[in-house]
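The values are calculated or read from the model by the stated rules, or taken from the named source; none is laboratory data. Remember, predicted model here, so these are calculated numbers, not experimental data. Cβ: placed from backbone, ideal geometry, glycine included. Neighbour counts: every protein chain shown. Protein only, heavy atoms only, side chains kept; ligands, DNA and RNA dropped before computing areas. Shrake-Rupley method; radii C 1.70, N 1.55, O 1.52, S 1.80 Å.
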Amino acid sequence: MPSASTEASIPVGAVPTVPAPDCRLAPGGPGYRRMSLALFLAGVATFALLYSTQALLPLVSGDFGVSASEASWTVSAATGALALFVLPMSALSERFGRRTMMTASLAVAVSVGLLVPFAPSLGALVALRAVQGAALAGLPASATAYLAEEVRPKALITAIGLFVAGNSVGGMSGRVITGWVAQEWGWRVAVGVIGLLAVACAVAFRLLLPAPRHFTPGSLRPRVLARTVRGHLANPLLRRLYAIGALFMTVFGGVYTVIGYRLTEAPFSLPQGIVGSVFLVYLVGTVSASTAGRLVARLGRRGSLYLAGGTTASGLLLSLAGSLPLVLLGLVLITAGFFAGHAVASSAVSHTATHGRAQASALYQSAYYVGSSAGSTLGAVAFHAGGWAGTVGIGLLAVLGVVSVTVLGSHAARVRARRGPALTC
């Protein structure tokens, strides 16, 4: 029974307020499994399409008679266009809805994917890939905004980790499938197969994803969008997270754009199918991304980022060895460190932004894919100039940037703690 003092504190005739139940999705609850599978498949389709030519660059170079740096534009054009269009696409998702934008993005991207095998020249191929990247821009930011709105906060890191895990599976399966198919029938048939795989994922995604229940349409007015973007860019924590995403992806983009050239050349001289199978190490990324929530719970976000950066740097140094097993172990560490760091940083963006979540996520995705585009180009140029050691050098500089930005965040947190209550990051 309530005490007399408690009863006295309640005005006569007043009805005690009961907190409204949180009806957002949670593990074990209705709709959560369908949502997780739907966004997992969307992640598979996105990365499979976006990087469909990456493992095939040596074959593209041979077919069109171009260098590694020229062929790398088939990757850079897609990621660069995605980075350019992700912010305006996120604005459209604020007005028309997350599920609508993701569905439209996948529909256009898979349609273009079915045209890519018929590109008559490198220029046409690069143009098609740019259109494909622009179409896919509507998916990443909309997906993280959907999760932030529809999933309970305690489950958000895990949910985003599963979406990132889908990215890793898509990147892996796309490269493995294209490697073996291209070995028998050429790169054109290989990218066509990826297009068909993406069609199946897109259809399943639309059938599975629950309708949003907590979305409120926003404004398409440019002034409102500009004010929201300025607010996010004025937040020091968000700026640091955007930089971390870009730097991690610079490492990853450079390594996986160039690794095919290294493994097909002496002393390894591996066939295309085996080179494609090397991307099975993406499974490590699936595990590290999906366990990011537990990692943050144990080490905190900054501790997790230090660990991810150290793991990535160790993998880069190990990959310099002339032994194939050591090179593969290096790729495992690079992949684990990258996906863990990406999952931690992207979930921190969704947690930090209290309004305009689609724009906050879009800015992160824009920085992330700028890093991918820069890494693909710089990694290829460095490889042409100094071999694999040149590509590793670019990666180590990027990891140093990650650590430096995280140290800056630790310092800022200590300063805030001395001044008063700190906002956790």
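For the chain, what is the relative contact order in percent, using Cα pairs closer than 8 Å and at least 6 residues apart in sequence?
About 24 percent, as a whole number.
Once every Cα of region 85-241 carries one equal point scatterer and solvent is ignored, give the base-10 log of I(q)/I(0) from the Debye formula at q = 0.09, 0.14 Å⁻¹, two decimals. Values, matching the q order: -0.36, -0.83.
The fraction of all Cα pairs in region 112-202 landing in successive 5 Å bins from 0 to the largest distance is 3, 12, 17, 21, 17, 12, 9, 6, 3, 1, given as whole percents. Ratio of alpha-carbon Rg to the 2.2 N^0.38 Å globular estimate for region 260-349, to two decimals, please. Normalised Rg, Cα atoms only: 1.20. Considering every alpha-carbon pair of region 280-331, the percent of pairs per 5 Å bin, from zero through the bin containing the longest distance, is 5, 20, 21, 23, 16, 10, 4, 1. Placing unit charges on each Cβ (+1 for Lys and Arg, -1 for Asp and Glu) gives region 163-278 a dipole about its Cα centre, and among GLY195, MET172, PRO212 the Cα reaching farthest toward its positive end belongs to PRO212.
Among GLN183, GLN132, GLN359, the largest mean-square fluctuation in a Gaussian network model of the chain (Cα springs under 10 Å) belongs to GLN183. Averaging Cα coordinates gives a centre for region 83-126 and one for region 258-302; these two points are 26 Å apart.
Computed from backbone phi, the HN-Hα couplings of region 73-87 come to 5, 5, 8, 4, 5, 5, 5, x, 5, 4, 4, 6, 9, 5, 5 Hz, rounded to whole numbers (Karplus: 6.51 cos²θ - 1.76 cosθ + 1.60, θ = phi - 60°; Gly and Pro given as x). Solvent-accessible area per residue in region 168-304 equals 43 Å², computed with a 1.4 angstrom probe and all protein chains kept.
Find out how many positive minus negative residues lie around ALA292, taking Lys and Arg as positive, Asp and Glu as negative, among other residues whose Cβ is under 13 Å from that of ALA292. Once all neighbours under 13 Å are counted, the net charge is +3. How many angstrom lie between the Cα centre of region 337-364 and the Cα centre of region 211-257? Result: 7 Å between the Cα centres. In order along region 155-172, the phi-based Karplus estimate (6.51 cos²θ - 1.76 cosθ + 1.60, θ = phi - 60°) of 3J(HN,Hα) comes to 9, 5, 4, 5, 5, 5, x, 5, 5, 5, 4, x, 4, 5, 5, x, x, 5 Hz; Gly and Pro are listed as x.
Ordered from highest to lowest accessible area with the whole protein assembly present and a 1.4 Å probe, GLU150, GLU184 read as GLU184, GLU150. Taking Cβ atoms as reference points and 12 Å as the exclusive limit, the residues near ARG240 contribute a net charge of +3, counting Lys and Arg as +1 and Asp and Glu as -1. Note on the chain: GNM, Cα springs under 10 Å; of VAL191, VAL224, VAL349, the largest mean-square fluctuation is that of VAL224. The charge dipole of the chain, taken about its Cα centre with unit charges on the Cβ atoms of Lys, Arg (+1), Asp and Glu (-1) only, comes to about 1360 debye. Site pair VAL224 and ARG206 shows an inter-label distance of 2.7 nm when each label is modelled 7 Å from Cα along Cα→Cβ.
Amide H contacts of VAL151 (H built 1.01 Å from N, in plane; Pro and chain starts excluded): LEU25 sit under 5 Å, all sequence-distant by 5 or more or on other chains. Going by the alpha-carbon gyration tensor, a ≥ b ≥ c the square roots of its eigenvalues, is region 333-392 rounded (a/c under 1.5) or, if a/c is not under 1.5, prolate (a/b greater than b/c) versus oblate? Oblate shape, in that a/c is at least 1.5 and b/c is the bigger or equal ratio. The accessible-area ordering, largest first, of the residues HIS384, HIS351, HIS214 stands as HIS384, HIS351, HIS214, per a 1.4 angstrom probe.
Note on the chain: with neighbouring protein chains present and a 1.4 Å probe, carbon and sulfur make up 68 percent of its accessible heavy-atom surface.
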